[in-house]
Every structure is written in structure tokens, then in C-alpha cells.
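A.B. asks: The structure is given below, and queries will be raised subsequently.
The values are calculated or read from the model by the stated rules, or taken from the named source; none is laboratory data. Note that the structure is a prediction, hence the values are computed from the model and not measured. Cβ placement follows ideal geometry from the backbone for every residue including glycine, while neighbour counts extend to all protein chains displayed. Accessible surface is based on the protein model in full, side chains and every heavy atom, while ligands, DNA and RNA are left aside. Shrake-Rupley method; radii C 1.70, N 1.55, O 1.52, S 1.80 Å.
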Amino acid sequence: MRLIVGLGNPGREYAATRHNVGFRIVERFAKRHGLAFGGRRFRGRFVSGRVRNLELALLEPLTYMNLSGRSVL
């Protein structure tokens, strides 16, 4: 299994900023491959599934960027 992490900052004030480019990329990748973020695990939004015979997990940490290691760990 591979983990893809999109970094960003939680909160509306960061939603459309450069700080959340990682979130937007992971969300677009998930949509393109039919994956839907549904639950919260590992201190973030999480989804797992198969893409081209590869097991993937996508994570958007809901910690601030400088604390994202807690979620990834």
C-alpha cells in the first residue's frame, strides 16, 4: 500500500489559498479515480482504494501544516 498525503491547513480562511494546494490535488486525484473521502481517521480526512492495481491511501491531515507529521505518523 502507498500513502499519498495532501498538505494544507484546516479552516475556511485557508480554503482558497496557496497553503491548501496539497488538499486540492489529492481531492482531484480521488475524484478522478472514483475515490470519495468519507471518514476521519489518523487526525485527518482519509480514503483508501485501488487505482490501477495499486492499493492507495489518501490522507488530508486536519492539523496545521507544521503539525502534519502527527497525522502521517
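A.B. asks: Share of the stretch 21-60's accessible area from carbon and sulfur, percent, 1.4 Å?
C.D. replies: On the way: 1350 of 2770 Å².
Looking at the stretch 21-60 in its full context, I get 49 percent from C and S.
A.B. asks: Only bridges whose two residues both fall in the chain count here: according to DSSP, what percent of them are antiparallel, nearest 5?
C.D. replies: On the way: 11 of 15 bridges.
Taking every DSSP beta bridge with both residues in the chain, the antiparallel ones total about 75 percent.
A.B. asks: Compute the semi-axes of the equivalent ellipsoid of the chain, taking the square root of 5 times each eigenvalue of the Cα gyration tensor, and list them largest first in whole Å.
C.D. replies: Ellipsoid semi-axes (Å, largest first): 20, 14, 10.
A.B. asks: On to the next question. Provide the per-residue ³J(HN,Hα) series for the stretch 14-19, in order, calculated from phi with Karplus coefficients 6.51, -1.76, 1.60 and θ = phi - 60°, each as a whole number of Hz, with x at glycine and proline positions.
C.D. replies: Each residue's phi maps through the Karplus curve to give 9, 3, 10, 9, 5, 5 Hz.
A.B. asks: So what is the relative contact order of the stretch 4-70, in percent, for Cα pairs below 8 Å that sit 6 or more residues apart?
C.D. replies: Working: 104 pairs, mean separation 24.8, N = 67.
Relative contact order of the stretch 4-70: 37 percent.
A.B. asks: In terms of modelled amide H atoms, which long-range or inter-chain residues lie less than 5 Å from the amide H of residue 62?
C.D. replies: Under 5 Å from the amide H of residue 62: 44, 45.
A.B. asks: Could you run the Karplus curve 6.51 cos²θ - 1.76 cosθ + 1.60 with θ = phi - 60° over the stretch 53-69 and give me ³J(HN,Hα) per residue in whole Hz, x for Gly and Pro?
C.D. replies: The phi angles translate into 6, 10, 6, 10, 10, 10, 9, 10, x, 9, 9, 5, 3, 6, 10, 5, x Hz.
A.B. asks: I've got another one for you. Non-local amide H neighbours of residue 51 (under 5 Å, H modeled in plane, Pro and chain starts lacking H): which ones?
C.D. replies: Placed amide hydrogens put 56 under 5 Å from residue 51.
A.B. asks: Using just the helices of the chain, give the 222 nm mean residue ellipticity in deg cm²/dmol: DSSP H runs with n ≥ 4 each add -39,500 (n - 2.57), and the total is spread over all residues, rounded to 500. Write down the numbers at each step before the final one.
C.D. replies: Numbers: 2 runs with 17 residues, N = 73.
Value at 222 nm, helices only, nearest 500: -6500 deg cm²/dmol.
A.B. asks: While we're here: Please report the accessible area of residue 19 (heavy atoms, 1.4 Å probe, ligands and nucleic acids excluded) in Å², nearest 10.
C.D. replies: About 70 Å², rounded to the nearest 10.
A.B. asks: Send over a whole-number figure in Å² for the accessible area per residue of the chain, probe 1.4 Å.
C.D. replies: Numbers: 5190 Å² over 73 residues.
For the chain, the per-residue accessible area is 71 Å².
A.B. asks: What FRET efficiency comes out for the pair residue 73/residue 13, r = Cβ-Cβ distance, R0 = 25 Å, nearest 0.05?
C.D. replies: Values: r = 26 Å, r/R0 = 1.04.
The pair residue 73/residue 13 has a calculated efficiency of 0.45.
A.B. asks: Would you please name the trypsin sites (Lys or Arg not before Pro) within the stretch 1-54 that are DSSP coil residues with at most 13 other C-beta atoms within 10 Å of their C-beta?
C.D. replies: Details: sites: 2, 12, 18, 24, 28, 31, 32, 40, 41, 43, 45, 50, 52; in loops: 43, 52.
Of the trypsin sites (Lys or Arg not before Pro), the ones in loops of the stretch 1-54 whose Cβ has at most 13 other Cβ atoms within 10 Å are 52.
A.B. asks: Using only Cα atoms, tell me the angle between helix 21-32 and the longest principal axis of the chain; keep it within 0 to 90° and round to the nearest 10.
C.D. replies: 30 degrees
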